[in-house]
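Note sheet for the following structure.
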Amino acid sequence: MLQRLSRYALIVLAILVMSVYLPMLYQKVFVAKTGRTHLFYSPVIKKFVFREIVKDHRFLTQDETGRDLDRKTFETLIPFIYYKNMELWGLLPFEIDGQSFDKETIKANRQVIELRPRMIADRSPQDGIYPLIESQPDQALLVFPEDRFRIADRMEFVNADNNTVDEGLSRVFTGAFKEAGFKFPARLIAGKGTILKPFDEGYFVVDAVGAVFHIKRVRGKPLCVRTPIPTDLGIRSIRISENRRKEFYGMLLTNSGKLFLISYDNYRLIPLPVDNYNPDTMNYKLIINPLYRTAVYSDKTMIYATAMTPDYETIAGYKRAMQASRQTTARTFYSACFPFSIQIKDHTSDYMTFDLIPNGWKGLIGVGLSIVIYLLFVCLRKHNLKEAWPDLAVIALSGVYGLIAVAMVRPDP
Amino acid sequence: MIASTFYKEWMKMRLYWGIALSCHILVFIYIYIETRHMFILEHAEMVWYQVIHIHTLFYEQIKYLPLATGILLGAAQFVPETKNHRFRLFLHLPVRPYVLALSYIIIGLAAVAVICLVDIFLLSRITNVFFPHEVVVRSMITALPWLLAGLVSFLGTSLIVLEPEWPRKIFYLAVSYGFVWLFFQSNIPGSYISVIGKLIMASLFFVPAIFLPVYRFRNRS
């Protein structure tokens, strides 16, 4: 009995390992990697244009009506993206809708902000201790402070030089928070803890009751503002991105999947289009140029885009199936060969996974074939089928993995 | 009988265990010196930035050390037993084979686990000297899969060494190698926190799995 249990423990281990590595190996060898679709709204023809890698490094470049475009035409249709090429080709300044755009105007009025699933607070391990950079440094560049802060039952600064709590600074900043009405502890701390940015806007901190506070270090002193952002919004994540345009501080994602920009206009929330948007699987990109805002979001299967006016009024929408979602022979064979796989890495999160991903009904083909091969083996070897049923059950549950495992770890006579 | 087995196994392993422990301690001394040196060369806040924000693993030198220790102790324990079929004699002692095998595994696992605990202790002490407690906690979580890999590599090595037939040895090698490699798939600090429970549960299958080569060893060699 123990011998049998021991054998099945080994078989389970073998199935686990094979279901991680065999699908991975198959994908690497047989499934051609197709790139993502790059989708833009053309301010020139007022249509969506896209470019995607089809196969063998070939590009498909078209507008939304299906008209093929060569590379140069494609780039001239989205001149705010390729303004450096426009300059090289002597096409600057250019005119659209009676407005003239030179290099400086374009540079000053373009911005891209992105929210990838792994940027969402609960989808990656958080630092837990952050630098509060001086917002008005007495020099040209931002510099790192000698301390970092954490917020539990107070705002606490830890000095890096001696790795001890700076009681004085902690008291001053905790006092500023309390004065602004902050309820400890913090639910969420969001900021950009780097000096590789044009200026510093500090941190947005969500308190225990859901109120959002904006904290900055100005000339060494705290500047704490309770924002008018509703406390019942159910904030899931905030992504701050300082930009010289100073239109918005960053993006705010709610638990219900709504997405807003936090504007510089007294923290007014600007809603962004989120039809079919799934924050856990989709990359969301907001592309801003002097004439339009385009929200583009996609996962492995679909890409959606909404073009908007500078006031975020929707003017056009477009959706397209991604190349990676299209069925190929290699992908069909993959589904038929492996009934499931264990996914250990997920590009949408920095956390490791150990999730069983079923391959749908096609996986039953592989399971059926594995059972037939095993039965043939049993008949040829003239084994007793009654004794073989547990192995058969293993194969029925795990297909080719079970077949290999059972064949390699055969029962002893 | 079991107590005597523990003693015998300890006598057999103690030299290798001592060597492994010394290597671990030496590597931690090196990590301490290297980390201290980082703080001498750079401003403390920049070192913190590199470790906390950029995720520089200042203790990366220990990454494969528990794995190597598991393999060393597994081999030290079972290679001499399989030579001249000595293990077969033990399996005919008046104790059930699986109890005897379990006692072997327990002493081996305990030897690896003690070194892992020393690692955890030293890592937490060194990290605590230079970094805030958030980094201490994250370092522990980051090193945990590496330490578990040490325990699993011990079990995997035992499985391979005890198996009498070469084709199966190779298959067990592939399974053990593939399983252990699951613990080294990400360098992002704290990324294993979500799966460590599942990996521990799956690792437990190695314990009953070892009884199969034990029985095969007794019956075939």
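Here are a few things to note about the model shown:
- Looking across A:LEU60, A:LEU92, one residue alone is in contact with a strand residue (DSSP E or B) (Cβ under 6 Å, 6 or more places away or on another chain), farther than 20 Å from A:THR306 by Cα and not hydroxyl-bearing (Ser, Thr, Tyr). It is A:LEU60.
- In the set (1) at pLDDT 95 or above; (2) more than 17 Å from A:ASP147 (Cβ to Cβ); (3) open to solvent by 10 Å² or more (accessible area, probe 1.4 Å), the condition left unmet by A:VAL206 is number (3).
- Some residue of segment A:197-217 being free of Cβ contacts under 8 Å to residues at least 24 places away in the same chain and not β-branched (Val, Ile, Thr): no
- Of all residues in segment A:330-355 being among the hydrophobic types (A, V, I, L, M, F, W, C) and touching a residue at least 24 places away in the same chain (Cβ under 8 Å), the one that is most open to solvent (accessible area, probe 1.4 Å): A:PHE333
- Tabulated pairs, segment A:2-16, first closer than 17 Å to B:VAL180 by Cβ and more than 7 Å from chain B (Cβ to nearest Cβ), second open to solvent by less than 10 Å² (accessible area, probe 1.4 Å) and among the aromatic types (Phe, Trp, Tyr), C-beta under 8 angstrom, 6+ apart or interchain: A:ILE15/A:TYR401
- Taking the listed residues A:TYR297, A:TYR374, the one that is more than 30 Å from A:THR254 (Cα to Cα) and either β-branched (Val, Ile, Thr) or open to solvent by less than 30 Å² (accessible area, probe 1.4 Å) (or both) is A:TYR374, with no other qualifying.
- If you go through segment B:203-217 and keep only what is in contact with a helix residue (DSSP H, G or I) (Cβ under 6 Å, 6 or more places away or on another chain), outside any helix (DSSP H, G or I) and either more than 7 Å from chain A (Cβ to nearest Cβ) or within 19 Å of B:THR82 (Cα to Cα) (or both), you end up with just B:ILE210.
- With respect to the conditions (1) open to solvent by 20 Å² or more (accessible area, probe 1.4 Å); (2) within 14 Å of chain B (Cβ to nearest Cβ), A:ARG326 lacks only one, and its number is (2).
- Among the residues listed as B:PRO66, B:PRO94, the single one being open to solvent by 30 Å² or more (accessible area, probe 1.4 Å) and under 23 Å from B:PRO208 (Cα atoms): B:PRO94
- Residue list for segment A:17-41, filter: surrounded by 23 or more Cβ atoms within 10 Å (Cβ to Cβ) and free of Cβ contacts under 8 Å to residues at least 40 places away in the same chain: A:VAL17
- Positions within segment A:168-181 being open to solvent by less than 10 Å² (accessible area, probe 1.4 Å) and farther than 12 Å from A:PHE149 by Cα, in sequence order: A:PHE177
- If you go through segment B:174-202 and keep only what is within 7 Å of another protein chain (Cβ to nearest Cβ), in a helix (DSSP H, G or I) and of a type in the set (Phe, Trp, Tyr), you end up with just B:PHE179.
- Qualifying positions in segment B:168-186 - open to solvent by 70 Å² or more (accessible area, probe 1.4 Å) and out of contact with any helix residue (DSSP H, G or I) (no Cβ under 8 Å at 6 or more places or on another chain): B:ILE170, B:TRP181
- For the criterion of being under 20 Å from the mean Cα position of the chain (by Cα), among the polar types (S, T, N, Q) and either within 10 Å of chain B (Cβ to nearest Cβ) or at positive phi (or both), A:GLN111 fails.
- Within this structure, A:ARG226 passes the test of being over 28 Å from the mean Cα position of the chain (by Cα) and more than 22 Å from B:ILE52 (Cα to Cα).
- Some residue of segment A:131-145 being closer than 27 Å to A:LEU272 by Cβ and in a helix (DSSP H, G or I): no
- Flag for A:PHE80 being part of a loop (DSSP other than H, G, I, E, B), of a type in the set (Phe, Trp, Tyr) and in contact with a strand residue (DSSP E or B) (Cβ under 9 Å, 6 or more places away or on another chain): yes
- Residue among B:THR142, B:THR157 that is open to solvent by less than 30 Å² (accessible area, probe 1.4 Å) and away from chain A (no Cβ under 13 Å): B:THR157
- Residue within segment A:85-92 that is surrounded by 20 or more Cβ atoms within 10 Å (Cβ to Cβ) and within 14 Å of chain B (Cβ to nearest Cβ) present: no
- Residue within segment A:360-367 that is in the same structural domain as A:ALA14 (by TED's automatic domain parsing), surrounded by fewer than 18 Cβ atoms within 10 Å (Cβ to Cβ) and free of Cβ contacts under 8 Å to residues at least 12 places away in the same chain present: yes
- For segment A:27-43, the criterion of being among the charged types (D, E, K, R), part of a helix (DSSP H, G or I) and within 14 Å of chain B (Cβ to nearest Cβ) is met by none of the residues.
- Scanning segment B:37-63 for residues that are open to solvent by 70 Å² or more (accessible area, probe 1.4 Å) and outside any helix (DSSP H, G or I) yields B:GLU42, B:HIS43, B:ILE54.
The values are calculated or read from the model by the stated rules, or taken from the named source; none is laboratory data. Computed from a predicted structure; not experimentally measured. Methodologically, a virtual Cβ is constructed for each residue, glycine included, from the backbone with ideal geometry; neighbour enumeration extends over all protein chains shown. All accessible areas refer to the heavy atoms of the entire protein, side chains included, with ligands and DNA or RNA removed. Shrake-Rupley method; radii C 1.70, N 1.55, O 1.52, S 1.80 Å.
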